[in-house]
1. How long is the gain from Asp168 to Ile249 if the chain were fully straight, where each residue apart is worth 0.36 nm and the alpha carbon distance is subtracted?
2. What distance in nm separates the simple spin-label points at Asn214 and Asp125, each placed 7 Å from Cα in the Cβ direction?
3. Where is the GNM fluctuation largest for the chain (alpha-carbon springs, 10 angstrom cutoff): Ala154, Ala118, Ala101?
4. Using only the Cα atoms of the chain, what do you get for the radius of gyration and for Dmax, in Å?
5. May I ask for the angle, rounded to the nearest 10°, between helix 30-44 and the longest principal axis of the chain, with both axes built from Cα atoms and the value confined to 0 to 90°?
6. Could you give me the ³J(HN,Hα) list for region 234-248, computed from phi with Karplus coefficients 6.51, -1.76, 1.60 and θ = phi - 60°, whole Hz, x at Gly and Pro?
7. With θ set to phi - 60° and the Karplus curve 6.51 cos²θ - 1.76 cosθ + 1.60, what are the ³J(HN,Hα) couplings of region 11-24 in order, to the nearest whole Hz, using x for Gly and Pro?
8. Round to the nearest 10 and give me the degree value, 0 to 90, for the angle of helix 154-163's Cα axis relative to the longest principal axis of the chain.
Amino acid sequence: MSFETINVEINEGIATITLNRPEVLNALNSHVFNELAEAAIRLGGDDTVKVVLITGGPKVFAAGADIKQMVEMTAVDMVLTDKPSHRAFHLLENMPKPVIAVIAGYALGGGLELALTADFRIAADNAQLGLPEIKLGILPGAGGTQRLPRLIGAGLAKELIFTGDFIDAREAYRIGLVNKVVPVDELFTEAEKLAGKLARRGAVALRLAKSAVNEGLRMDLEAGIRYEHQCFSLLFATEDQKEGMRAFIEKRTPQFKGR
Ligand code: DAK
């Protein structure tokens, strides 16, 4: 897959999307959002891809949306240009397979909002995370005021949003913003290890488990539990369910086919 502002590589079922605008700390402009959307569509529909990693490389994740592109924009421009970022983030969040944000260095503003669309976040010990938009006279407008409180609770989210302060990886781990912190030189090995583990799970079960959590969060508890039961029941139509349970009984490792 060839893009200009991102690189996409696929290796043994694990796709890695790497942001590639190092000269501006991977700032996200509409071209990046459009390419992320395209990558999400292609990787989401590619059955050979089991897990997707999103990263900015070992130095920086992304320092936010491109301030130089936004500075002279008007409210009307914003109304007309909200589509690329919202579309890309919606497609990434709803990819029917696990997505892991692999964060080194700064993950700020739209960069952190991008990481919030992933299922998990792994951070290097050099990571700095924050939503500094308030210091620019705006607010997080690419999902930050919505996804962050759902992840870490309203009180902690408001603290980050209202102060614009950065937090380090340890603090991000303490408040549940990232799942794991590792030394920077082990970041990609750890991410690949986790991705490899997920790639060996049944793809249909993973897809429905992700859907049950994501869709369930949009429902009341009773509706969520009914939806969970539909997903659960559907899995009994898969070969993977038979294989998983037989393998347990026969004391062997299951070989899932994703069907
Ligand atoms: N945009 C554009 N350029 C950026 C940038 C950014 N967000 N961040 C860094 N750069 C550029 C710098 O301008 C500099 O370029 P030159 O001056 O060399 O040409 C280069 O990257 C290196 O940056 P620094 O020289 O500043 O590097 P430092 O190590 O000194 O500082 C820093 C690193 C990350 C602390 C600093 O660069 C910084 O504070 N950056 C801005 C962080 C920030 O405020 N981020 C939030 C941006 S607002 C929406 C879509 C998206 C969004 C909202 C709505 N819809 C369409 C509805 C999102 C908004 C945002 O993310």
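Just so it is clear, none of the values below were taken in a lab; they were calculated from the coordinates. On a predicted model such as this, the values are computed, not experimentally measured, just so you know. Cβ atoms come from the backbone with ideal geometry, glycine included; neighbour counts cover every protein chain shown.
1. 24.6 nm
2. So the label points at Asn214 and Asp125 sit 3.4 nm apart.
3. Ranking Ala154, Ala118, Ala101 by mean-square fluctuation puts Ala154 first.
4. 18.8, 66
5. 0 degrees
6. 4, 5, 6, 8, 9, 5, 4, 5, 5, 4, x, 6, 5, 4, 4
7. 9, 6, x, 10, 9, 10, 9, 10, 5, 9, 10, x, 5, 10
8. Roughly 30 degrees between the two axes.
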